[in-house]
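Written below as structure tokens is the structure these notes are about.
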Amino acid sequence: MRSFPLLLLVLSGLLFGCSNAPLSVALRDFDVDVAAVQSNKIVFVKQSFDRPPVSLSRVELEGSLTYQTGFTFSFFASDTEPCNTRSGAYYLCDPSSKFEQIGTADFQSGSTQPLKLIGNQLTSGINSGNLWIGVRLDSGLFTSGTMQFRNMIARVALVP
């Protein structure tokens, strides 16, 4: 009889531990044509991924980013269509307080670097299946080329 409450305690501990277990959501690789990044604009790209089967409490998006040296960029997230101005697959948006800044990248030391992005709109975008990631040029002269986002994995924790 004494072992039954102990068994319940152990099982509830296991269930609680599972509710905080890490989960990963892979985003498909994507590119941003830097020529589309205009002065004082944010270029958003709709993300493609398989929506997780459960609600998530926090997302940290990690991967690698490749571009030419000598540039600095800021990254933003939106969980709704960011604006109405489209050019092909890109949304060209004016800066707005509705966009959450989720990270930066500085290409002063090399052309490929690890990237880590964190934010609430990142989490809600993964949860809803609607996520746009935006790029803004912060320093460096406008140029051409392709910024490559590779092996982007959203590492998440389940809501308890």
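Quick notes on this one:
- Across the range 80-85, computed HN-Hα scalar couplings (Karplus, 6.51 cos²θ - 1.76 cosθ + 1.60, θ = phi - 60°) run 10, 3, x, 6, 8, 7 Hz from first to last residue, x flagging Gly and Pro.
- Taking each residue as 0.36 nm, the span from residue 26 to residue 98 lengthens on full extension beyond its C-alpha to C-alpha distance by 23.4 nm.
- Distant-in-sequence amide contacts of residue 130, defined by a placed amide H-H separation under 5 Å and a gap of 5 or more residues or a different chain, comprise nothing.
- Karplus-derived 3J(HN,Hα), 6.51/-1.76/1.60, for each residue of the range 102-114, Hz, glycine and proline x: 10, x, 9, 9, 10, 9, 6, 9, x, 8, 10, 8, x
- Per residue, the accessible area of the range 29-155 comes to 47 Å², computed with a 1.4 Å probe over protein heavy atoms only.
- Estimated D of the range 92-160 in µm² per second, where Rh is the Kirkwood radius over Cα pairs and Stokes-Einstein applies at 25 °C, 0.890 mPa s: 170
The values are calculated or read from the model by the stated rules, or taken from the named source; none is laboratory data. Quantities reported herein were computed from a predicted structural model and do not represent experimental measurements. Accessible surface areas use protein heavy atoms only, side chains included; no ligands, DNA or RNA. Shrake-Rupley method; radii C 1.70, N 1.55, O 1.52, S 1.80 Å.
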